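Peer 1: Below is a structure I'd like to ask you about.
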Amino acid sequence: MTPEDEATAHLLVAAAFHDAAAKAEEKGDRSVGDFSRAVLRRFEEQQHLEGALYDVVVTYAREHASPEDVAALRRWIAEVRS
């Protein structure tokens, strides 16, 4: 994993949960919006996610990021989960 992989992964985590919060707010689902923002705050503080939240980011990345960025995300996940 390179520093660029880590930076890309952090941007994708931020984008995934920011977008989730925004979409939830648009739909009037404040609880999901609050949860997404809480996940993002915790990630910013601790630099890791829990369990299936990594899968949420991978799914987001596959839909919105380039194959190279998805690969960088997967390398980062492999490193932080080992």
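Peer 1: Between P67, S82, L53, whose Cα lies farthest towards the positive end of the dipole of the chain when Lys and Arg beta carbons carry +1 and Asp and Glu beta carbons carry -1, centred on the Cα centre?
Peer 2: Ranked along the dipole, the leading option is L53.
Peer 1: Next question, about the same structure. Which of rounded, prolate, oblate describes the stretch 34-82, given a ≥ b ≥ c as roots of the alpha-carbon gyration tensor eigenvalues and a/c under 1.5 marking rounded, otherwise prolate only if a/b is larger than b/c?
Peer 2: On the way: a/c = 2.16, a/b = 1.38, b/c = 1.57.
Since a/c reaches 1.5 but b/c is at least a/b, the shape of the stretch 34-82 is classed as oblate.
Peer 1: Also, I was wondering about something else. Taking only Cα atoms and a 10 Å spring cutoff, compute GNM fluctuations for the chain and point out the largest among L12, L40, L53.
Peer 2: Checking each option, the largest mean-square fluctuation is seen for L53.
Peer 1: Probe radius 1.4 Å, ligands and nucleic acids ignored: give me the carbon and sulfur share of the accessible area of the stretch 5-46 as a rounded percent.
Peer 2: Answer for the stretch 5-46 is 52 percent, counting heavy atoms of protein chains only.
Peer 1: Dipole magnitude of the chain about its Cα centre, charges +1 at Lys/Arg Cβ and -1 at Asp/Glu Cβ only, in debye to the nearest 20? Mind dumping the intermediate values first?
Peer 2: On the way: 10 positive and 16 negative charges, 44 e Å.
That gives a dipole near 220 debye.
Peer 1: I'd like the distance between the alpha-carbon centres of the stretch 8-33 and the stretch 42-80, rounded to an integer number of Å.
Peer 2: 14
Peer 1: Rounded to the nearest 10 Å², what accessible area does T59 have for a 1.4 Å probe in the complete protein model?
Peer 2: In the full protein context, T59 sits at about 60 Å².
Peer 1: For V80, what accessible surface area do you get with a 1.4 Å probe? Give it in Å², rounded to 10.
Peer 2: Taking all protein chains as shown, V80 has close to 60 Å².
Peer 1: Using helices alone, I'd like the mean residue ellipticity at 222 nm for the chain: each DSSP H run of four-plus residues gives -39500 (n - 2.57), total over residue count, nearest 500.
Peer 2: Details: 4 runs with 68 residues, N = 82.
Helix-only estimate at 222 nm: -28000 deg cm²/dmol.
Peer 1: Let me ask something else about it. Keeping every protein chain in place, order S82, S31, S66 by accessible area at 1.4 Å, biggest value first, i.e. largest first.
Peer 2: My answer, sorted largest first, is S82, S31, S66.
Peer 1: With the cut-off at 1.5 for a/c, could you classify the stretch 1-61 from its C-alpha gyration tensor as rounded, prolate or oblate? List each step's numbers first, then the result.
Peer 2: Details: a/c = 2.25, a/b = 1.88, b/c = 1.19.
Note, shape of the stretch 1-61 comes out prolate.
The values are calculated or read from the model by the stated rules, or taken from the named source; none is laboratory data. What you see is a predicted model; the values in this text were computed from it and never measured. Don't worry about glycine lacking a Cβ; one is built from the backbone with ideal geometry, like all the others, and counts go over all protein chains shown. Heads up: the accessible areas ignore ligands, DNA and RNA and are worked out on the full protein's heavy atoms, side chains in. Shrake-Rupley method; radii C 1.70, N 1.55, O 1.52, S 1.80 Å.
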